[in-house]
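Following: one structure in structure tokens, then a few remarks.
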Amino acid sequence: MESMSKNELKELLIKGWMTHDAMWFLYCLQKTGIEVTNKINKAASKGLGLVEAKRFKKILGIDKITKFNELKLFVKSIFDVVKGEFMNFSYEFLNDNELECEMHQCFAHDGIERIGFLSQYQCGIYERIEGWFQGLGLKYRVSPQINGCLLYQEKKCIRRYTFTFPS
């Protein structure tokens, strides 16, 4: 362990977490079916995001986010910790109040496709991100709305969040 860099340790931990997530999804699917598994997965992802928001607020010494620049710091900080190198997505801050996230290749999409349930899969990844925003008490709109997997349905997965901050 002492010979590992921080980044190597981070990647090992994230891959372990993602393997647990995939195995949980598969075994839940086998026991309860896709409909129940989707509901549980989305609720768990949202709950994770809510807890992460609370933890990162504490780590960053943030009481409340009232400006887009504060949100930018929060988003960059949390992605620096939770995004693995194998996760092929990007995010970009636009204008004074927009965040755009794009999955170029999605590990969840690919895994669900391998087990044969992609046409019925309800994405939980953005639930986690939206849990962050809700945990921060932010007002936002999101486009497009998701009912399923955008990469499967639209052949691209891009979501834009527009935030409203007090004047």
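The values are calculated or read from the model by the stated rules, or taken from the named source; none is laboratory data. As the structure is a prediction and not an experimental result, all values here were calculated from the model. Reconstructed Cβ throughout: ideal geometry from the backbone, glycine too, with neighbour counts over all protein chains shown.
Considering only segment 33-52, I want to know if a residue exists there that is basic (K, R) and over 20 Å from I146 (Cα atoms).
Within segment 33-52 (the criterion being basic (K, R) and over 20 Å from I146 (Cα atoms)), the answer is no, since none of the residues qualifies.
Could you tell me whether segment 61-78 includes any residue that is within 26 Å of M23 (Cα to Cα), surrounded by fewer than 19 Cβ atoms within 10 Å (Cβ to Cβ) and under 17 Å from the mean Cα position of the chain (by Cα)?
no
Is there a residue in segment 74-91 that is of a type in the set (S, T, Y), touching a Ser or Thr at 6+ places or on another chain (Cβ under 8 Å) and modelled with pLDDT of 95 or more?
no
Quick one: count up the residues across segment 103-124 that are in a loop (DSSP other than H, G, I, E, B) and buried (at least 16 other Cβ atoms within 10 Å of the Cβ).
6
Which pairs have Cβ atoms under 6 Å, sit 6 or more apart or on different chains, and link a residue in segment 1-12 that is within 12 Å of E85 (Cα to Cα) and surrounded by 10 or more Cβ atoms within 10 Å (Cβ to Cβ) to one that is modelled with pLDDT under 95 and among the small types (G, A, S)?
E11/G84
Can you name the residue in segment 85-102 that is in contact with a Lys or Arg (Cβ under 8 Å, 6 or more places away or on another chain) and in a strand (DSSP E or B) and, of all such residues, is surrounded by the fewest Cβ atoms within 10 Å (Cβ to Cβ)?
L94
Of the conditions (1) in contact with an Asp or Glu (Cβ under 8 Å, 6 or more places away or on another chain); (2) within 30 Å of K139 (Cα to Cα), E11 fails just one. Which one is it?
(2)
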